[in-house]
1. I want to confirm something. Restricting to segment B:183-199 and keeping residues that are within 11 Å of another protein chain (Cβ to nearest Cβ) and part of a helix (DSSP H, G or I), which single residue is surrounded by the most Cβ atoms within 10 Å (Cβ to Cβ)?
2. Might you check whether a residue that is within 14 Å of another protein chain (Cβ to nearest Cβ) and in a helix (DSSP H, G or I) occurs anywhere in segment B:202-224?
3. Taking the options A:56, A:95, A:104, name whichever one is within 18 Å of the chain's Cα centre (by Cα), modelled with pLDDT of 85 or more and assigned to a helix (DSSP H, G or I).
4. Taking interchain pairs and intrachain pairs at least six residues apart, which have beta carbon atoms under 8 angstrom, with the first residue in segment A:5-26 and in contact (Cβ under 8 Å) with a residue 40 or more places away in the chain and the second in a helix (DSSP H, G or I) and surrounded by fewer than 16 Cβ atoms within 10 Å (Cβ to Cβ)?
5. Right, residue B:56: closer than 18 Å to residue B:126 by Cβ and touching a residue at least 24 places away in the same chain (Cβ under 8 Å) or not?
6. Using the structure shown, decide if residue A:22 is more than 28 Å from residue B:137 (Cα to Cα) and either within 13 Å of chain B (Cβ to nearest Cβ) or modelled with pLDDT of 85 or more (or both).
7. Say we look at segment B:217-244 and pick out the residues that are crowded, with 22+ Cβ neighbours inside 10 Å and within 26 Å of residue B:94 (Cβ to Cβ); which of these is farthest from the chain's Cα centre (by Cα)?
């Protein structure tokens, strides 16, 4: 149990650290993808198959693509490294901002009521998850679903508008 | 993997009997391990052979369509052509560009092949014949499939070649565009079957109406529409013609494969064919009744034979389409995905929901159910198709 968890944690945190410390932006994204895969492996270890597959589908399949496109469409040259911290002021500001985020996260984690049981994590089946989502949390699911559908329709509308009136676009 | 059906006849149980005969001497924990290994080895061996045969069949069929013999020099009717190709690929020099990122350049084909092989794990090849029984098997399938996109980008970027990079971005745009209709067209099936597990979805398609119309999802209005969307998206996701823009050999110097040679190049092709096989297998599972026989009288033929038959039929359609249709242009390709397939799949979701809700309708209401179902499936198809084609007349060649 703990050996597998240690390997997964090491891979996740190690690749996250490599992504943060690396100078090549694109290689950082690949390391970030490895880190996300590590999180999926952690879910797998914890017995949450469904969440693990969703993690791979969404983070490795979609979010990494968004990150790649964002980098490729904005950067100037191939080997552009991130600039070194220009001044002491900038470095201090960065540390303060990071400490603020860390404090908020730690506070949230410390104050959220987590039911800790002595035994292994309860195995929740996909069916159970479905009933929970459709029953107790139906409103939240509905809101998320409507939001995503609107985003999707928005993308379709954007695609439908631009391509129509351009001259010379006929096949 | 379970013990297999016990009441079925000998041929149906043959794979399980063979496996148990091989591993019955081992103690329990080791036996489970050996059984798993055998399942993996069988899948790799069968689909590896299928890949080799498919390359030959594809060239033969393309030759037949184009009125030429195809490969016919190696062995009887060119039957040894895959072996010759394999030896050629293995002995060719593996070139890595000096400016390339050597690690990622090496990892890209390996990761691509690895993820495509992973998708085979959840497809039910026959009654109880599935490597891993997962509650969320369909989700696993799409998750493993979506991870291949990253490897294609890895290949394009690590080559350090501007053509490869541009081609990789083009490939990504295509794969992301068609991933959406692929997923959305699988959702109605999950909705109808009420499960994400692939074997259970096949089970839910058992039985016949009037004794001869099987309850496959493709024989419902929403199922036919979803199958169409799924099939078109599968063509695109596996880089097959008419969507083979990522690697358009004659026009775009082979895209992200530009800097690959030798066995790594062969690995890319292997992954492409594996992807094609697994997507066809998923299409058979979701819409064509999986391993179910089309007639109750034909159930004496083992279930895995039916699966193989359906899979091969779909693969032949893939090849047929490659021989028939010309390649799309990039803007046509993305326009087709976003303006036609995605809305169609979304509307089809509603059609499927209606079909599930009207399950209890009987008598004359049954006819109404079919009428509404067909209207919900065909109506958007016609309307969207008209809109997609509006203002684009037949092409005229003024200067030709």
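1. Step one: list which residues in segment B:183-199 are within 11 Å of another protein chain (Cβ to nearest Cβ), which gives B:183-184, B:190, B:194-197.
Then keep just the ones that are part of a helix (DSSP H, G or I); that gives B:183-184, B:190.
On the way: B:183: 19, B:184: 22, B:190: 16.
Within segment B:183-199, the match that is surrounded by the most Cβ atoms within 10 Å (Cβ to Cβ) is B:184.
2. Of all residues in segment B:202-224, those within 14 Å of another protein chain (Cβ to nearest Cβ) come to none.
No, segment B:202-224 has no match at all.
3. Details: A:95 fails: within 18 Å of the chain's Cα centre (by Cα); A:104 fails: within 18 Å of the chain's Cα centre (by Cα).
After applying the criteria, what remains is A:56.
4. A:25/A:71; A:26/A:71
5. Details: closer than 18 Å to residue B:126 by Cβ: no; touching a residue at least 24 places away in the same chain (Cβ under 8 Å): yes.
It is false that residue B:56 is closer than 18 Å to residue B:126 by Cβ and touching a residue at least 24 places away in the same chain (Cβ under 8 Å).
6. On the way: more than 28 Å from residue B:137 (Cα to Cα): yes; either within 13 Å of chain B (Cβ to nearest Cβ) or modelled with pLDDT of 85 or more (or both): yes.
Yes: the conditions hold for residue A:22.
7. Within segment B:217-244, the match that is farthest from the chain's Cα centre (by Cα) is B:239.
Here is a yes/no grid of residues against (1) within 13 Å of chain A (Cβ to nearest Cβ); (2) surrounded by fewer than 24 Cβ atoms within 10 Å (Cβ to Cβ):
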| residue | (1), (2) |
| --- | --- |
| B:82 | no, yes |
| B:113 | no, yes |
| B:138 | yes, no |
| B:168 | yes, no |
| B:180 | yes, yes |
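The values are calculated or read from the model by the stated rules, or taken from the named source; none is laboratory data. On a predicted model such as this, the values are computed, not experimentally measured, just so you know. Cβ sites come from the backbone with ideal geometry, for glycine too, and all protein chains shown count toward neighbours.
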